[in-house]
1. Keeping to segment 107-128, report how many residues are part of a loop (DSSP other than H, G, I, E, B), on the phi > 0 side of the Ramachandran plot and either exposed (fewer than 13 other Cβ atoms within 10 Å of the Cβ) or at pLDDT 85 or above (or both).
2. Which of the residues spanning segment 24-55 are under 27 Å from TYR184 (Cβ atoms) and either in contact with a helix residue (DSSP H, G or I) (Cβ under 6 Å, 6 or more places away or on another chain) or not small (Gly, Ala, Ser) (or both)?
3. Hey, could you check segment 194-204 for residues that are modelled with pLDDT of 90 or more and among the aliphatic types (A, V, I, L, M) and say which is surrounded by the fewest Cβ atoms within 10 Å (Cβ to Cβ)?
4. What are the pairs, 6+ residues apart or on separate chains, where a residue within segment 1-13 that is touching a residue at least 24 places away in the same chain (Cβ under 8 Å) and farther than 14 Å from LEU26 by Cβ has its Cβ under 6 Å from a residue that is assigned to a strand (DSSP E or B) and not hydroxyl-bearing (Ser, Thr, Tyr)?
5. Kindly evaluate PHE166 against the criterion of being within 23 Å of SER25 (Cβ to Cβ), modelled with pLDDT under 80 and of a type in the set (Phe, Trp, Tyr).
6. Just name the residue that is farthest from the chain's Cα centre (by Cα) out of those in segment 32-56 that are of a type in the set (D, E, K, R) and over 26 Å from GLY197 (Cα atoms).
7. For ALA20, which of the numbered conditions (1) touching a residue at least 12 places away in the same chain (Cβ under 8 Å); (2) part of a strand (DSSP E or B); (3) not β-branched (Val, Ile, Thr) fails to hold?
8. Could you list, in sequence order, the residues of segment 165-197 that are in a loop (DSSP other than H, G, I, E, B) and charged (D, E, K, R)?
Amino acid sequence: MTDVMLQIVYRGPLGSETDAVAVGSLDISEPTYFTYQNDTDYIHLGGHVYTRAEVNANPSLLALVRPQTCVDYHLSPPRLIDWCLTTFDIDIDLSFENVSSPIAHASALPARRFLRLAYLADVNEAFDPPIKAAVRAARAVPRDRGGVEKAYLYHQSVCLPLDPFFVRAREAQLKVIAPGQVEYATSKFKRLRAVNGWQNEACVVNGDDAPPGTPDDRETAMTSLTPDSDEMRPYVVTIADEYQPPPQP
């Protein structure tokens, strides 16, 4: 969809008129897609992300793990305890500004799955400032607690919870600069684990107690999701009732 305009026509009482017609138009963004992936099959350690197998095979990586009680040094060679730094499902609310009033919700988003939200937004002529989408995890639960509390294991990703994501409104529009001068602006696709999108965000397991938001190489280090499988299909998202279209008469 390109060059999207929102036009609203009102007919009815207006001041002293009993049957007036009013028309308003607004240049809005093109459909803007926000994608969120549960990539907890990867572990953040020392500014990089690794699979669990890679961590178990490298004593230097095991030494970076926090807490160190997640590593069983009684084994030879040492390795991660079975229930520590494992994948987990995520409950997630998505909203603009106020996370206590979500516009959409997904329950138990599994590892190696993603959700996608598309929206239209009001933007000014220069498509600036960006639109803010606040994302939080309502629950991030290890599959097997092993009798140890989540807080102790610090089973938290470097991205949840975090400050809001700033999602730039997508543009695909022909703009008139001056008489006889036009410009066509469009946004580029990005790819994360072979999933196309304009903005792709990911959650990985925090393996070294890094502060939320600590950068790493997840965008280039993670392998693709499985082609032609459910992993490449968006997960079910429930839109809040107030954002649902009204029932048709």
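1. Residues flagged as part of a loop (DSSP other than H, G, I, E, B), on the phi > 0 side of the Ramachandran plot and either exposed (fewer than 13 other Cβ atoms within 10 Å of the Cβ) or at pLDDT 85 or above (or both) within segment 107-128 amount to 1.
2. LEU26, ASP27, ILE28, GLU30, PRO31, THR32, TYR33, PHE34, THR35
3. ALA194
4. Partner pairs satisfying both residue conditions: THR2/ALA172.
5. No, not satisfied.
6. GLU54
7. With (1) touching a residue at least 12 places away in the same chain (Cβ under 8 Å); (2) part of a strand (DSSP E or B); (3) not β-branched (Val, Ile, Thr) applied to ALA20, the lone miss is (1).
8. ARG168, ARG170, GLU171, LYS188, ARG193
The values are calculated or read from the model by the stated rules, or taken from the named source; none is laboratory data. As the structure is a computational prediction, the values presented were derived from the model and not from experiment. Glycine also receives a Cβ, built like all others from the backbone with ideal geometry; neighbour counts cover every protein chain displayed.
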